[in-house]
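Have a look at the structure below, then the notes.
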Amino acid sequence: MDSIIPYGKQLIDEDDIEAVVKVLRSDFLTTGPLCREFEEKLAQKVGAKHAVVFSSGTAALHAAYFAAGLEPGQQVITTPITFAATANAALYLGGVPVFADIAPDSFNIDVTKIESAITAKTKIIAPVDMAGIPVDIDPIMQLAEKYNLVVVEDACHALGATYKGRPVGSTAHMSVFSFHPVKAITTGEGGAVVTSNPDYYERLVLFRSHGIVKSPDKLMHKHKGPWYQEMQLLGYNYRMTDIQCALGMSQLKKLDAFVHRRREIAAQYTLAFQDNNAIEIPAYSADVNPAWHLYIIRLKEDLDRDRVCYYLRERGIGTQVHYIPVYRHPYYSYLGYNPEEYPNAEAYYRSCLSIPIFPALTNSEIEKVINVINRIN
């Protein structure tokens, strides 16, 4: 059997390696000047005033919910079609995930179902830009204003995407990005929260580093010694290293090229599969330009997905399912979530399959993927 083409993969060049080696020869290895530089460049790229980098996208979600003021018993409305971390981060703070079903023709949350899910306990709406296809964020922001809620956009798939011509990251109160190797750019592991709200920014910075304050003008207990620092809230060690930030800055320079290549591949798939009656291709609004973190096809109902996965793997094509609905994980089943309440998510889950898409995918590999998938019946 030929080697497997994975569904996703990082692209690391010599200049990325050189950037990391340069840091290894410097005075700073952990959080230092390159972290601040990476944050500034990331914020500028997405049209936000501030960015705070974290050790993972999950840590960034945790921090964003904390900065939003989520308290025990308060609710976070999100989609069930996401990685578990979107909901888990609410549980970390004693919050309660509330799922709203996805739209029938979309991978994203059905915006029309959000308002009916809002209660007196709702604190956050956390939409997800699934597969890098931006959610319809404007009406969500309008709901947030109406009910005095905070919007934390899980944009971990969508760095480089645009909504109505605006970069993802420029609209929500906070947007979260991931820099895992299969994402648009990578720092190995890592994440970030971007925001234009100075209060959220201050809380994010504190939360990332144990809740400890060192700046003299922000101390609660004044002290003359330059060594003095104080813990003002319960934070975590969620810092990113300068090593990672060096890689991140090098990768950020290539973001536009990476996303452009993903869009080229997606366009080839869409054209090649549009007349294939065995599968359904992704749908999205004309208002958005996706980043195509994933290209997800949906198999017709009479196809056995497991059989299709094995069929593709035997021919050298790797696939994945994104995602098992969060409420279907055993931990969430114990919490009492009922799959019958989410018929669109259930239908999506039965049929979804992610196929290879990443910048280093070659034209011959793309042709192979297309030819093999078009033989499915």
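Each reported figure results from applying straightforward, stated rules to the coordinates on display, with no laboratory input. Everything numeric here is computed off the predicted structure, so don't read it as measured data. Reconstructed Cβ throughout: ideal geometry from the backbone, glycine too, with neighbour counts over all protein chains shown.
Summary of values
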read-out	value
Cα principal axis extents for the range 255-373, largest first, Å	46, 34, 25
Relative packing of peptides 91-101, 181-191, 338-348, 166-176 - highest average C-beta neighbours within 10 Å first	166-176, 181-191, 91-101, 338-348
Net dipole in debye of the chain [+1 Lys, Arg Cβ; -1 Asp, Glu Cβ; about Cα centre; nearest 20]	780
Positive minus negative residues near SER250 (Lys, Arg vs Asp, Glu; Cβ under 12 Å)	-2
Normalised contact order of the range 255-373, rounded percent, pairs of Cα under 8 Å and 6 or more residues apart	34
Taking the chain and dividing mean pair separation by its residue count, relative contact order in percent (alpha carbons under 8 Å, at least six apart)	23
Relative packing of 122-130, 303-311, 277-285, 260-268, which averages over residues the other C-beta atoms within 10 Å, highest first	122-130, 260-268, 277-285, 303-311
Set LYS22/LYS253; LYS254/LYS300; LYS218/LYS253; LYS300/LYS368 screened for pairs whose C-alpha atoms are more than 29 Å apart	LYS254/LYS300; LYS218/LYS253
Highest-first arrangement of 12-21, 42-51, where packing means the average Cβ count within 10 Å	42-51, 12-21
